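Q: If you scroll down you'll find the structure; I have some questions about it.
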Amino acid sequence: MFKSFYTQLAQTSLAGSPIPQSDCLQILESPDIDLLSLLGAAFEVRRKYWGKEVLVHILNNVQNGYCSEDCHYCAQSKSSKAEIDEYPMKPDEEIFAEAKHAYESGAFRHCMVFSGREPSQKRIEHIAKLVKEIKNLYPIEVCVSPGLLDKEKVSILKGAGLDRLNHNLNTTERNYAKICSTHTHQDRVATLEAAKSVGLQICSGIIIGIGESLGEIVEMAQTFKRLQVHSIPINFFIPIEGTALKSTPEFTPEYCLRVLCLFRFLNPEAEIRISAGRELYLRSQESLALYPANSLFMEGYLNVGGASNQRTLQMIKDAGFTIKSDQSLDELLKKGKDAL
Ligand code: SF4
């Protein structure tokens, strides 16, 4: 591929212009792509909006299991036979302790995830109280993922000071019926629209490797752009034994990096988060993901473990990046070493 191809990609992305479909597909599959040149072009775009900062996120799986939905990829779904540690909503004290831990570990944002189709009025008021208290206690951004919501419920969360609402679209509308029968893609879009309508930032991600075509990956990146999604977690599917989805993807690090670059070019200003699968699929190339992506999860995912904080922070430092936090990366690393 000519040098001008990569320059053109970066310039088109930075100008906010659409990238032709044929170029998007080339990014994903052409053997002529030079990976380092592609990463360099994606980094030019990342640098304009995010510099060399990484936004670290720590998840709190506030309620695990007990879900009425049948998302085939999910260990918490009603159709799943996966052996998970099911528990109802954690006590408030435990939730506050986890928020404190996230702040002290250098997280820029604390994400609280609740299983279930949609929260009751009582539950949403409870979540709002938790958000308000956490925002009072720590200078940390808070994102919640509580399920399907209407405008009235998102207004309650917005009123409590919530920064961002997560609701993943996961895949295209066409592919959605193959991964879930209890709600629709449109139900999920409606929740994002409701959150946007009250001025909340929105976070919505994709799972790569659940039956989508390459064209559908491009379509999802375009959908997020159209919906003006602020934050896009990119998950690479990790099969969990006992779940209904039998896909066993064998992603190469190069493929994962190409996907991340595509999302950066099509969503130049968005927070692109390398999420589930970072450790498993990127392996020795993990730090290269920081060129297109500016955000990651630390301490694992909902029902799958991840690298330790110390290893993740060291990876960021070794690659020449830093973190967005009021705590210094060096101090956090020292604190981690002292605790060993
Ligand atoms: S993804 Fe969410 S809604 Fe779907 S089964 Fe899992 S916990 Fe339930």
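The values are calculated or read from the model by the stated rules, or taken from the named source; none is laboratory data. Here the structure is a predicted model, which means the values were calculated and not measured. Counting neighbours? That spans all protein chains shown, and the Cβs are built from the backbone with ideal geometry, glycine included. Each accessible area value is taken on the protein alone, full model and side chains, heavy atoms only, with ligands, DNA and RNA left out. Shrake-Rupley method; radii C 1.70, N 1.55, O 1.52, S 1.80 Å.
Q: Given the Cα-Cα distance of residue 337 and residue 251 and 0.36 nm per residue of separation, how much length would full extension add, in nm? Please report the intermediate quantities before stating the final value.
A: Details: separation 86, 0.36 × 86 = 30.96 nm, distance 3.28 nm.
Gain in length upon complete extension: 27.7 nm.
Q: Is there a quick way to get the dipole size of the chain? I mean about its Cα centre, with the Cβ of Lys and Arg at +1 and of Asp and Glu at -1; what is the value in debye to the nearest 20?
A: Values: 38 positive and 42 negative charges, 115 e Å.
For this selection, approximately 560 debye.
Q: Compute the normalised compactness of the chain: alpha-carbon radius of gyration over 2.2 N^0.38 Å, N being the residue count. Mind dumping the intermediate values first?
A: Numbers: Rg = 19.2 Å, N = 340, 2.2 N^0.38 = 20.2 Å.
For the chain, the normalised Cα radius of gyration comes out at 0.95.
Q: Would you look at the GNM of the chain, springs on alpha carbons closer than 10 Å, and say which of 298, 112, 89 moves the most?
A: Among 298, 112, 89, the largest GNM mean-square fluctuation belongs to 89.
Q: Next question, about the same structure. If each Cα of the stretch 61-138 is one equal point scatterer, what is log10 of I(q)/I(0) from the Debye formula at q = 0.20, 0.23, 0.24 Å⁻¹?
A: Relative scattering, expressed as log10 I(q)/I(0), comes to -0.94, -1.08, -1.12.
Q: So, one more: I want the local charge near residue 16. Using Cβ-Cβ distances under 10 Å, sum +1 for each Lys or Arg and -1 for each Asp or Glu among the other residues. Could you put the intermediate results ahead of the total?
A: On the way: positive: 225; negative: 269.
Its environment carries a net charge of 0.
Q: Among all the lysines, which ones have a C-alpha under 24 Å from residue 196's C-alpha, if same-chain residues fewer than 8 places away are not counted?
A: Counting by Cα, and skipping residues close in sequence, residue 196 has these lysines nearby: 122, 129, 132, 135, 151, 153, 158, 225.
Q: Next up: Based on Cβ point charges of +1 for Lys and Arg and -1 for Asp and Glu, what charge dipole magnitude is obtained for the stretch 14-156 about its Cα centre, in debye rounded to the nearest 20?
A: Numbers: 17 positive and 22 negative charges, 102 e Å.
It works out to roughly 480 debye.
Q: Now, a different point. Once you compute Rg and the Kirkwood Rh from C-alpha atoms, what is the Rg to Rh ratio for the stretch 202-246?
A: Numbers: Rg = 12.0 Å, Rh = 11.6 Å.
Taking Rg over the Kirkwood Rh, I get 1.04.
Q: Quick one: net charge around residue 241, please, counting Lys, Arg +1 and Asp, Glu -1 for every other residue with C-beta under 14 Å from its C-beta.
A: Details: positive: 81, 246; negative: 83.
With Lys, Arg at +1 and Asp, Glu at -1, the net is +1.
Q: Might you tell me the accessible area per residue for the chain, computed with a 1.4 Å probe and given in Å²?
A: On the way: 14350 Å² over 340 residues.
That works out to 42 Å² per residue.
Q: For the stretch 279-340, rounded, prolate or oblate, judged on the Cα gyration tensor with a ≥ b ≥ c (square roots of eigenvalues), a/c < 1.5 rounded, else prolate if a/b > b/c? Let's see the in-between values first.
A: Values: a/c = 1.72, a/b = 1.23, b/c = 1.40.
Judged from the Cα gyration tensor, the stretch 279-340 comes out oblate (a/c at least 1.5, b/c at or above a/b).
Q: Which value in nm describes the separation of the simple spin-label points at residue 187 and residue 17, placed 7 Å from the Cα toward the beta carbon?
A: The answer from the label model is 4.2 nm.
Q: What ranking, highest mean first, results for peptides 137-143, 62-68 when packing means the other Cβ atoms within 10 Å averaged over each residue? Provide the component values of the computation, followed by the final result.
A: On the way: 137-143: 17.1, 62-68: 18.7.
Highest mean packing first, the order is 62-68, 137-143.
Q: Give, rounded to the nearest 20 debye, the magnitude of the charge dipole that the stretch 109-249 has about its Cα centre when Lys and Arg contribute +1 at Cβ and Asp and Glu contribute -1 at Cβ.
A: Details: 18 positive and 14 negative charges, 60 e Å.
About 280 debye.
Q: Here is a further query. Please report the carbon-and-sulfur percent of the accessible area for the stretch 163-289; probe 1.4 Å, protein heavy atoms only, DNA, RNA and ligands left out.
A: With neighbouring chains kept in place, the figure for the stretch 163-289 is 50 percent.
Q: Kindly give the semi-axes, whole Å and largest first, of the ellipsoid equivalent to the stretch 213-340, taking each as the square root of 5 times a Cα gyration tensor eigenvalue. Can you show the working numbers first?
A: Values: eigenvalues 139, 74, 32 Å².
Rounded to whole Å, the semi-axes are 26, 19, 13.
Q: List the lysines whose Cα lies under 22 Å from the Cα of residue 81, skipping any in the same chain that are fewer than 8 positions away.
A: Answer for residue 81, where 22 Å is the Cα cut-off: 178, 246, listed by chain and number.
Q: Decide, for the stretch 226-271, between rounded, prolate and oblate: order the square roots of the alpha carbon gyration tensor eigenvalues as a ≥ b ≥ c, take rounded if a/c falls under 1.5, and otherwise choose prolate if a/b is larger than b/c, else oblate.
A: On the way: a/c = 3.70, a/b = 1.75, b/c = 2.11.
It is oblate, given that a/c is not under 1.5 and a/b is not larger than b/c.
Q: Where the centre of each part is set by its Cα atoms, how far does the stretch 186-241 sit from the stretch 20-93, in angstrom?
A: Result: 9 Å between the Cα centres.
Q: Which value, to two decimals, describes the C-alpha radius of gyration of the stretch 86-223 once divided by 2.2 N^0.38 Å?
A: Numbers: Rg = 15.8 Å, N = 138, 2.2 N^0.38 = 14.3 Å.
Dividing the Cα radius of gyration by 2.2 N^0.38 Å gives 1.11.
Q: Out of the DSSP beta bridges found with both residues in the stretch 190-340, what percent are antiparallel (nearest 5)? Walk me through the numbers before you get to the answer.
A: Details: 0 of 10 bridges.
About 0 percent, rounded to the nearest 5.
Q: Follow-up. Using a Gaussian network model of the chain whose springs link C-alpha atoms within less than 10 Å, name the residue from 275, 295, 197 with the highest mean-square fluctuation.
A: Ranking 275, 295, 197 by mean-square fluctuation puts 197 first.
Q: When the helix-only estimate is applied to the chain (DSSP H runs of n ≥ 4, each -39,500 (n - 2.57), divided by the residue count), what is the mean residue ellipticity at 222 nm, nearest 500 deg cm²/dmol? Display every interim value, and only then the final one.
A: Values: 12 runs with 143 residues, N = 340.
Estimated from H runs of four or more residues: -13000 deg cm²/dmol.
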